[in-house]
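See below for the structure under consideration.
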Amino acid sequence: MKKFKVLNLQDVDGITKGTSYKGYVIATYSQLLEVLGEPTYNEQSDDGKVQVEWVVEFEDNIFTVYDWKTYSREYTENELMKFNIGSKVTATDFITELEAILK
């Protein structure tokens, strides 16, 4: 059973405010797409620093999985191998669980 709940745009209003970088996961965009489904934010951020971002609920906490400063959707989808993890709490358990599913 999936332990991750990827939130949609209607559910995330302000929920990621205050999150910050907590670590990363080695994965391709395709792998994340397979495990998490479509990104919550599937368009470039206003400042261009993030092309895609998943907002995920895991063990009653919110985590974000995102590319950072690639400035290229094409690069993110085809070459990027390291996605950042953000949260308000330690992300060790989330990262461990995500890595286990990605294997």
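What follows draws every value from the coordinates through simple rules; no lab data is involved. Note that this is a predicted model, so its numbers are computed, not measured. We place every Cβ from the backbone using ideal geometry, glycine too, and count neighbours over all the protein chains shown.
Just a few scattered comments:
- Whenever a residue of segment 4-30 is within 14 Å of Phe94 (Cβ to Cβ), its partners that are in a helix (DSSP H, G or I) and among the acidic types (Asp, Glu), lying with C-beta atoms within less than 9 angstrom and at least six residues away or across chains, give the pairs Phe4/Glu97; Val25/Glu99; Ala27/Glu99.
- For segment 11-24, the criterion of being surrounded by fewer than 17 Cβ atoms within 10 Å (Cβ to Cβ) and part of a helix (DSSP H, G or I) is met by at least one residue.
- Candidate set from segment 52-71 (those that are touching a Leu at 6+ places or on another chain (Cβ under 9 Å) and not aromatic (Phe, Trp, Tyr)); member that is surrounded by the most Cβ atoms within 10 Å (Cβ to Cβ): Val65
- Hits in segment 40-90 - residues which are among the aliphatic types (A, V, I, L, M) and either in contact with a helix residue (DSSP H, G or I) (Cβ under 7 Å, 6 or more places away or on another chain) or more than 23 Å from Lys5 (Cβ to Cβ) (or both): Val52, Val56, Val65, Leu80, Met81, Ile85
- Residue in segment 30-67 that is farthest from the chain's Cα centre (by Cα), counting only those that are part of a strand (DSSP E or B) and among the β-branched types (Val, Ile, Thr): Ile62
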